[in-house]
Amino acid sequence: MNSYLMFAILLALALLQSTVMPRITVLDVHPDLLLMAVTSWCLLRGAQEGMLWALVGGVTTDLFSGARFGVCTLSLLIVSFLSSLGQSNIFRFDVLIPIMVIPLATLLYSGIMLALLSVLGWPVDWAQSLTRLVFPSMLVNTLGMPVVYLLMRTLDRRTGREEIAW
């Protein structure tokens with residue numbers, strides 16, 4: 001995929017995540033487009049491209065976020081690496097795989113973010129965060145994942161595979 005196209009898509013996702021998504025509330029939480037897109041890309045293209053998406057998308061989101069810089073990036077990098085373990089040429093176009101992966105990715109992503117914020121001195125009420133934020137987010141992201149995954153799969157098919165050199 002062309003690097004400029006990747007940056008444009010990730011910038012658009014980060015802007016949407018920061019401006020539009022806070023206005024969309026389901027079960028008192030907001031869908032996490034960037035997490036769904038990065039997880040989808042990991043499943044479609046593997047660890048190397050998925051982690052690049054996580055790095056660029058995470059840094060961009062951190063720039064727009066009120067939280068400590070790097071919290072989103074580190075959380076997305078860890079989740080993208082683990083999500084890419086679910087990538088397989090046999091199952092990569094099966095929509096059921098992302099639906100099974102996204103709840104775990106959301107739980108891990110949210111857990112890492114909360115742990116990092118806690119370590120950095122932000123007060124974290126774990127019981128309330130899990131019941132009012134993490135578990136509803138798992139459900140909302142699971143419901144939104146088929147749409148995001150199908151869009152990412154279309155992008156994958158149209159852009160083809162290119163090697164990304166570090």
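Computed quantities for the displayed model
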quantity: Coil-residue chymotrypsin sites (Phe, Trp or Tyr not before Pro) of the range 8-116, DSSP, other Cβ within 10 Å capped at 16; calculated: 69, 91, 93
quantity: Ranking of 159, 61 by count of other Cβ atoms within 10 Å, fewest first; calculated: 159, 61
quantity: Within-15-Å neighbourhood charge of residue 137 [Cβ basis; K, R +1; D, E -1]; calculated: -1
quantity: Distance between modelled label sites at residue 147 and residue 64, nm, 7 Å Cα→Cβ extension; calculated: 1.7
quantity: Pairwise centroid distance, computed over Cα atoms, of the range 93-166 with the range 1-79, Å; calculated: 9
quantity: Gain on full stretching of the segment that runs from residue 8 to residue 115 - 0.36 nm per residue minus C-alpha separation; calculated: 35.5 nm
quantity: Helical segments meeting 30 Å axial Cα length and Kyte-Doolittle -0.5 threshold in the chain (DSSP H); calculated: 96-119, 135-159
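Readers should treat all values here as calculations from the given coordinates under stated rules, not as data from a laboratory. None of the values given here were measured: they were computed from a predicted structure. Every residue, glycine among them, receives a Cβ derived from its backbone with ideal geometry; neighbour counts consider all protein chains shown.
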